[in-house]
Every structure is written in structure tokens, then in C-alpha cells.
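Structure record follows, encoded as C-alpha cells.
All of the numbers you see were taken from the coordinates with simple rules; none came from a lab. Just so it is clear, the structure is predicted and the values come from calculations on it, not from any experiment. Because the Cβ atoms are built from the backbone with ideal geometry, glycine has one as well, and the counts that use them run over all protein chains shown.
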Amino acid sequence: MSEDLEAGDAGKKIVASGASGGRRLVILLCSLLAVAGWLYLAAVVAAMVPVMDMTEAGPGMGLFNAFNIFGGLPTDVRAALAVLCLPAGATTFGMPADDWGMGGAGLVFLMWMMMTLAMMLPTAMPVFLAHAKRRAHAAAGPSAAVTVSLLALGYLTIWTVYSLAATLVQWLLTDYGLLSSMMAPVSLVFSATTLMAAGLYQFTPAKQACLLRCWYPRWSSPVSGGAAAAFYREGLIQGLACLGCCWALMTVMFAVGIMNIIWVGLLGAVMALEKNLPSGWFYKAVGAFLLLWGLSLMGATLFLSGKI
């Protein structure tokens, strides 16, 4: 009898140790990748600050002009000095030239990937932790460390595809003159319609269904055993749910400035709250805010144009 109790206690200790190790791995990897994303974005902004008027990067970015070497000078003088310091065709770190080419497209893709690491990985950490805890009880099959890595790989595969799509969309919008060289919108109408579209999506059944999947993950792979491909596929499924939940909010970056690091942080926080705090009203409040913001911009545009 005592031997059975000791075996049971040993088994519990092994499970607890496995769960703890899996949690530590998840936290470490997610934190490292998210920090890498933020450091890259910060480096791009830091390279822009000395030679550019940061107000052109979107709302709130003017705060960074306090570090601008041209701060305090008249606008025309600052513009002339910026041209001298950054001639046409030259680029700052991580920014494409006016004529993108494949190299410029690669830089923009890298920027979107870093943005998804900074914004999306923290929102998915609870799901990865829940999976690690579940796998710690598995009697057979890959360890929690392996399965969580496969899950994260599948999740990031989806966001890599999104980054490719966002790069293509940005390229087209830049070619059509809807985005400036600072990756900010040049038209209030474009910003307004983007915000309204993102706000409307918050009220759709697709948004609600994807949120439910993020709030309450449904695991398809067995607790014990399971091929490696099954865990990667599970990551793909969870990534698709996350994409369905967050793509419209990510699109708001086109309305506020793609390199607007302030809004990167704000939207990342909003998506983290949406996905991890089940609420029937929060995501709708976000949608209402975006709709009202877009409508106010559209109204201001019509008023300034004399149409109302």
C-alpha cells in the first residue's frame, strides 16, 4: 500500500515537473520573440527620429520629435535639412526606398513579421500555457516542450502568410499614392473607411466565432500520443482563429500609420484583452469606438470639402 502511495506521489511530481518545465519554455520563447519584435520596431523608429518629422508617421508620433535634431526649427528649414541629410533614394534602417524593388519589399515584410511577433505572440501565450499544462499529463508521445514548439510554429505560419499579404497590400497602396513614404495614410477618406470597416467587423458572427475559439481552445490532438504533424496542424487551426479574431484590428495600422509604434502598443493591448478576458461587450465597445472615429473623420472630410 505504501509503495503504491509512493509511486503515485512520484508520478504527481513528474507531472508537476513536466508542467512547470513546459510553462517556463512557453514564457521564455514567447517573451524572447516578442522582445525581439519590439526591439526591431524601436530600432526602426530610432533611425527615423533624427531626420524626419515624426508627426507624419501618424497620430501621437509627434511626441518623438522631442528627440529630433531639427526640433524647434521652422517647418521649411527642417524639411530642407531633412532632404540634405536623407537624399532621395536613401533609406533609414528598416525603411524601403521610394522605389521599393524586391529589397524594399523584403524590408517591409520583415517589419510586418516583427510587428506580429510584438503584437500577437503575447496574446497567444495563455493558449500555449494551457496546452503545455495539458500535455504534462500525457503518458506517451512527444514532450510538452516539443508539442508547444510545434503548436507555436503552426501559429506563426499563419501570421507569416498574413505578413506576406500585408506587404503586398502596402505595396499596392503605396503605388496608388494612398500611403506616404512614412507609411502613413495621405487621405482622410481612406483612414475613415478603413476604421469603419474594422469597426463593422467587430459585430460580425465570424468575429464572435473566432473569439470563442480563442477564449475556449478546443484541442483536436489526443492527450496521449499523437503525431508531430497533428500538433503543427493544431497550431495552424489556432492561428486561423486568431487571424479571424484580429486581422481587422491589425488593418487599423493602415489608418493610423504602419510605423506608428504607439498604436502598435495600444492595439496589441486591446487584442490581448479581447482574446483572454471573455466578455460580451468589450469587443463590441472597440467596434463602436472605431465606427464613431471613422464616421467623425468622414464627417470632417465632407465638411472641409464643403459638401455638408
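The length gained by stretching the chain between Thr301 and Leu200 to full extension, at 0.36 nm per residue less their Cα-Cα distance, is 34.4 nm. Stretching Ala47 away from Leu110 to a fully extended chain increases their span by 21.1 nm, per 0.36 nm per residue minus the current alpha-carbon distance. Electrostatic bookkeeping for Gly154 treats Lys and Arg as +1 and Asp and Glu as -1; over the other residues with beta carbon under 13 Å from its beta carbon, the sum is 0. Centre-to-centre separation between the Cα atoms of the stretch 250-308 and those of the stretch 139-216: 15 Å.
For Ser187 and Ala130, the difference between the fully extended length at 0.36 nm per residue and the C-alpha to C-alpha distance is 16.2 nm.
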